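I have placed the structure first, in the form of structure tokens, so that the comments after it can refer back to it.
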Amino acid sequence: MNRKRLGRSGLVVTDICMGTMTFGLQADEKTSFAIMDRAVEAGIDFFDTAEMYPVPPSAEKFGITEEIVGRWLKTQNREQLIVATKVTGPGHGWFRPPVRNGFTYLDRRAIHRACEASLKRLQTDYIDLYQTHWPDHGMRHQDTLEALTELVKQGKVRAIGCSNETSWGLMKNLWEAEKHGLQRMDSVQNNFSLINRRCESELAQVCRQEGVSLLPYSPLGGGVLTGKYNDGALPDGARFSHYVKNGEPRQKRMAARFLNDRSLETTKRLQVIAQDLGISAAALSTAWTKQHDFVASTIIGATTVAQLEESLQAVDVVLDAETLKRINEIDEAIPCPMTEDGLRRL
């Protein structure tokens with residue numbers, strides 16, 4: 001498996017990262033262990049989680065994913081793995097995060113408390129990459145960076161990053177770090193897929209010029225790009241099936257962003273390309289994201305080992321110029337099929 005440097009940090013990671021968002025809800029502990037074991041067997045050494053997982057978040061399930069990952073870590077050589085997690089930021093009106101009584105500040109006290117709790121659940125004494133899950137553009141960025149810098153100096157965190165961040169927010173963090181001599185963010189984890197290519201514009205320029213790595217999440221467009229939602233299908237156990245049938249208003253809105261006539265038509269056209277290449281649509285989609293020069297590692301998710309196997313087909317896939325041309329022609333015909341990625345609400 002190929003490896004890339006994470007920003008300008010000392011961390012070098014596999015170009016596929018194992019996401020754990022489903023662990024403890026859609027995937028039970030036994031299945032989660034099997035998925036992580038298979039990921040390591042395939043050569044993956046980079047694992048991403050968050051204090052707020054599993055998704056959809058709830059007070060009852062809060063922190064369970066980190067606990068599962070922690071128990072699994074005790075069976076592994078910790079020094080051979082790169083573990084990333086996140087401190088929850090504000091809900092921005094979408095929902096009130098079920099942590100710290102909904103007061104998800106990104107100040108010193110909250111960040112230190114969150115880190116200590118994550119370390120305990122993960123059963124480790126350090127976190128390789130610590131990220132803000134959602135930004136708070138209304139507060140001083142310096143305050144957040146000072147708290148994260150303290151964790152790095154204490155040896156509890158090796159590198160820092162952000163998630164669900166705008167181009168302005170990332171640049172503001174980098175500027176504040178340079179101005180005040182604070183720890184620099186080396187990564188940004190955002191939604192990026194063949195139905196949401198927004199990162200290719202302004203954010204890509206920031207990453208290239210400033211030496212920050214993008215860690216794409218949801219490369220399969222929430223599962224849409226696998227084709228399982230084609231023709232209006234709502235398969236049992238699928239996240240958006242639950243959101244459409246039984247979700248709260250916020251979840252229904254999220255499902256509508258991913259599931260629409262344009263995204264489903266894009267998927268059908270991409271499936272033709274995948275069939276011509278003799279690979280799955282999941283492998284095509286994963287290979288496309290990790291082939292970008294500003295991407296360090298693409299985060300894949302799975303609820304079963306079989307699902308993981310589909311994405312692992314992308315390990316050695318390099319899309320040639322003709323294939324990329326065909327993909328771009330679909331994008332030109334159906335631009336931005338995912339209606340928005342949520343960042344405009346920040």
Within segment 202-309, GluC sites (Glu not before Pro) in DSSP loop having at most 12 other beta-carbon neighbours inside 10 Å
none
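Using a 10 Å cut-off around each Cβ, can you sort 324, 129, 119 from fewest to most neighbouring Cβ atoms?
Numbers: 324 12, 129 27, 119 19.
So the ranking, lowest neighbour count to highest, is 324, 119, 129.
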Each residue of segment 164-170 in order: what ³J(HN,Hα) in whole Hz does its phi give by Karplus 6.51 cos²θ - 1.76 cosθ + 1.60, θ = phi - 60°, with x for Gly and Pro?
6, 10, 7, 4, 4, x, 5
With angles folded into 0 to 90 degrees, how steeply does helix 64-73 sit against the dominant principal axis of the chain? Use alpha carbons for both and round to 10.
80 degrees
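Counting other Cβ atoms within 10 Å, keep those with at most 15, restrict to DSSP loop, and tell me which GluC sites (Glu not before Pro) in segment 1-104 are left.
Working: sites: 29, 41, 51, 60, 66, 67, 79; in loops: 51, 60.
Answer by residue number: 60.
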Sorted from fewest to most neighbouring beta carbons within 10 Å, what does the list 236, 341 look like?
236, 341
Below 10 angstrom from the Cβ of residue 129, what's the summed charge of the other residues (Lys, Arg +1; Asp, Glu -1)?
-1
If one puts a single equal scatterer on every Cα of segment 212-346 and applies the Debye formula without solvent, what log₁₀ I(q)/I(0) results at q = 0.09, 0.11, 0.12 Å⁻¹?
-0.26, -0.40, -0.48
In degrees between 0 and 90, to the nearest 10, how far off the longest principal axis of the chain does helix 321-333 point, with axes built from Cα atoms?
90 degrees
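For the chain, which semi-axes, largest first and in whole Å, follow from the square roots of 5 times the eigenvalues of its Cα gyration tensor?
Values: eigenvalues 171, 97, 89 Å².
Equivalent ellipsoid semi-axes, largest first: 29, 22, 21 Å.
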Collect residues whose amide H, placed 1.01 Å from N in the peptide plane, falls under 5 Å from the amide H of residue 298; neighbours closer than 5 in sequence don't count.
16, 17
Any chance you could list P(r) for segment 2-143, counting all Cα-Cα pairs in 10 angstrom bins from zero, rounded to whole %?
11, 41, 34, 13, 0
Kindly put 38, 253 in sequence by how many other C-beta atoms sit within 10 Å of each C-beta, fewest to most.
253, 38
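Please state the relative contact order of segment 1-106 as a whole percent: Cα pairs under 8 Å, 6+ residues apart?
Averaging sequence separation for qualifying contacts and normalising by length gives 24 percent for segment 1-106.
Read the figures in this text as sums done on the coordinates, not as results from a lab. Predicted, not measured: the structure shown is a model, and the values here were computed from it. Ideal geometry is used to build each Cβ from the backbone, glycine not excepted, and the neighbour counts take in all protein chains shown.
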